[in-house]
Amino acid sequence: MPSGHLKNIGPSQLKIAIIGTGYVGLVSGVCLSDFGHDVACVDKDETKIARLKAGEVPIYEPGLDALLSRNVAAGRLSFTTQIAEAMAGAEAVFIAVGTPSRRGDGHADLSFVFAAAEEVAAALDGYAVVVTKSTVPVGTNRKLADIIRKARPDADFDVASNPEFLREGAAIEDFMRPDRVVIGAETDRAKEVMTQIYRPLYLRDFPIVCTGLESAELIKYAANAFLATKISFINEIAALCERVGADVKAVANGMGLDGRIGSKFLHAGPGYGGSCFPKDTLALARIGQELAVPQRITETVIAVNDGVKRRMVQKAQDLCGGIVAGRKITVLGATFKPNTDDMRESPSLTIVPSLIGAGAQVHIVDPQGRREGESLLPGVIWEDDPYSAAAESELLIVLTEWNEFRALDLKRIAQGMRTPRLADFRNIYDRKTATDAGFVAYDGVGR
Ligand code: UDX
């Protein structure tokens, strides 16, 4: 699509339906309404829709509640359980339902996407672009088109792939100021509608990458797998740093300043988690195996990440002289990263049960993780205050780098502990600071 052509398109408000009010659907719906479009978000979950109608945001995402209220008040954003109501007159329908890893084989489970496609097919009235936001394996958009065509041979529609690259905790910023928008569309009509949708971004010169369907689908997997690779790479280098006496922070800094490498996603830690990297790396590996084009780097990245989590358990045990049984361990952070309440695939879900399994008594402080974490981490005692949680404990583990944990009075913490030992798995402190504060043992990652 030539850029000059796009710029000539005048402003117009589109009517958009979003199927699925999970993380991606909700953020996309709210942000698209903020672009000026008329957006209706649909979900089967009546309680969720009732809460959203009452202005309650069911997830923790900074800034989302204010943006939601503003657009509801402006009459541009609504919520419903009725797909036909949301789709009446809609020029675009976004499918943003979950694609979890299928149990057993790691394939993306597309049952929700296909079910949504059937419902969209039934409700199509007039031309609409059916846009896939959910992360789906290569070829899914064509399958989706087949499903709709089969269900409604008379329907006038196109499909488009529009993968999301939203980071939890920074999702609004990522939507409003993206590195790029990827649009996989193959007809002029579909391209035109997608262009209108993203017009505000286009006008501010954010790159819009227009491709075919398969390329758009693959961009998402390749980007996430590459970022996961960077993390696994630095985590392996971190282990080597420990052996040779190097500091991984210095190594990452020295590497990252090479513009071809870049400094982002080179923070060594307890392994990547979240709703995307684990699922998407696994799905990419499966796609490769299925098509006999093995994605060996991605397969290794997955294995390395599993190993990193186990290595953290070993480090914690080593700090305690090999014995954690009967000892109180305080863990700071349970979510897979800060500024989210999301516990999906969090390293804590591997590390904490291992410690409990070895007989430790684990107390956790997390600003947002408790609600989800309580059922996922049985046997844990949840606390609100790092200082009282650390009292009488024999090891303090930093697992998630929440701002709240970055500037603790380490001296006060150490004084309260039975044996002040610090496992700093996000490298937010350093050995000297810890030792000066009275810690008798310190271990970070790669230092
Ligand atoms: C990610 C991608 O960034 C986003 O573009 C995609 O669409 C969805 O997946 P998100 O899962 O929200 O977003 O989190 P992100 O900030 O990317 O972090 C993922 C995991 O990697 C976290 O567990 C984080 O702690 C870890 N990480 C990240 C590191 O261990 N080191 C780093 O340098 C960066």
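For region 46-98, which GluC sites (Glu not before Pro) are in a loop by DSSP, counting at most 12 other Cβ atoms within 10 Å?
In loop regions of region 46-98 (DSSP not H, G, I, E or B), the sparsely surrounded GluC sites (Glu not before Pro) are Glu56.
Can you figure out the FRET efficiency of Ser12 with Asp146, using R₀ = 41 Å and their beta-carbon distance, to the nearest 0.05?
0.85
Specify whether the C-alpha gyration tensor of region 341-393 places it in the rounded, prolate or oblate class, a ≥ b ≥ c being the square roots of the eigenvalues: rounded for a/c under 1.5, otherwise prolate if a/b is larger than b/c and oblate if not.
It is oblate, given that a/c is not under 1.5 and a/b is not larger than b/c.
I want to verify the translational diffusion coefficient of region 121-160 in µm²/s; compute it with Stokes-Einstein, Rh as the Kirkwood radius over Cα pairs, at 20 °C and 1.002 mPa s.
D = 205 µm²/s.
Before anything else, pin down the relative contact order of region 29-78: Cα pairs under 8 Å, at least 6 apart, normalised by residue count, whole percent.
The value is 50 percent.
Starting from the Cα gyration tensor of region 15-211, take the square roots of the eigenvalues, sort them a ≥ b ≥ c, and report rounded, prolate or oblate (rounded when a/c is under 1.5, otherwise prolate if a/b is larger than b/c, else oblate).
rounded
Kindly put Ser388, Ser78 in sequence by how many other C-beta atoms sit within 10 Å of each C-beta, fewest to most.
Result, fewest neighbours first: Ser388, Ser78.
Roughly how many Å is it from the Cα centre of region 97-169 to that of region 302-373, as a whole number?
36
For region 213-447, what does the equivalent ellipsoid look like in terms of its semi-axes, each the square root of 5 times an eigenvalue of the Cα gyration tensor, given largest first in whole Å?
32, 20, 15
Write out the trypsin sites (Lys or Arg not before Pro) in region 351-414 meeting two conditions: DSSP loop, and at most 16 other Cβ atoms within 10 Å of their Cβ.
Passing both the DSSP loop test and the Cβ count: Arg406.
So if the hydrodynamic radius of region 96-146 is defined as the Kirkwood radius over C-alpha pairs, what does Stokes-Einstein give as its diffusion coefficient at 37 °C and 0.692 mPa s, in µm² per second?
The calculation lands on 280 µm²/s.
Take the alpha carbon gyration tensor of region 1-116, find the square roots of its eigenvalues, order them as a ≥ b ≥ c, and report rounded if a/c is under 1.5; if not, report prolate when a/b exceeds b/c, else oblate.
oblate
Please compute, for the alpha-carbon atoms of the chain, the extent along each of the three principal axes and give them in descending order in Å.
72, 47, 41
Under a GNM of the chain (C-alpha, springs under 10 Å), which listed residue has the highest mean-square fluctuation: Gly245, Gly379, Gly259?
Gly259
Pairs of alpha-carbon atoms within less than 8 angstrom and 6+ residues apart define the contacts here; what relative contact order does region 213-447 have, in percent?
Value for region 213-447: 20 percent.
With only alpha-carbon pairs counted, each pair once and no self-pairs, how large is the Kirkwood hydrodynamic radius of region 34-95 in angstroms?
12.2
Taking the Cβ-Cβ separation of Glu46 and Glu173 as r and a Förster radius of 25 Å, what is the calculated FRET efficiency to the nearest 0.05?
Efficiency, rounded to the nearest 0.05: 0.20.
Restricting to the chain, compute how many DSSP beta bridges are antiparallel as a %, nearest 5.
Antiparallel: roughly 5 percent of the beta bridges in the chain.
Which of the pairs Lys249/Lys411; Lys220/Lys264; Lys44/Lys230; Lys279/Lys315 have their Cα atoms more than 28 Å apart in this structure?
Beyond 28 Å: Lys44/Lys230.
Among His107, His37, which comes first, then next, by fewest other beta-carbon atoms within 10 Å?
His107, His37
With a bin width of 10 angstrom, please list the P(r) values of region 342-442 as percents of all Cα-Cα pairs, from the 0 bin to the one holding the largest distance.
Result, from short to long distances: 15, 50, 31, 4 percent.
Using amide H atoms built in the peptide plane, which far-off residues or other-chain residues are under 5 Å from Gln361 H to H?
Gly326, Arg327, Lys328, Ile329
Suppose a student asked you for the relative contact order of the chain, using Cα pairs under 8 Å spaced at least 6 residues apart; what percent would you report?
12
Of Tyr127, Tyr221, how do they rank once you tally other Cβ atoms within 10 Å and put the fewest first?
Tyr127, Tyr221
What is the local net charge at Met312, summed over the other residues whose Cβ is closer than 12 Å to its Cβ (Lys, Arg +1; Asp, Glu -1)?
+1
Within 10 Å of each candidate Cβ there may be at most 10 other Cβ atoms; applying that plus a DSSP loop requirement, which trypsin sites (Lys or Arg not before Pro) in region 255-315 survive?
The qualifying sites are Arg260, Lys264.
Say a paramagnetic label sat at a point 7 Å from the Cα of Asp188, along Cα to Cβ; which residues of region 142-159 have their backbone N under 20 Å from it?
156-159
Bear in mind these aren't lab numbers, they're just calculated from the coordinates by the rules spelled out. Computed from a predicted structure; not experimentally measured. Glycine also receives a Cβ, built like all others from the backbone with ideal geometry; neighbour counts cover every protein chain displayed.
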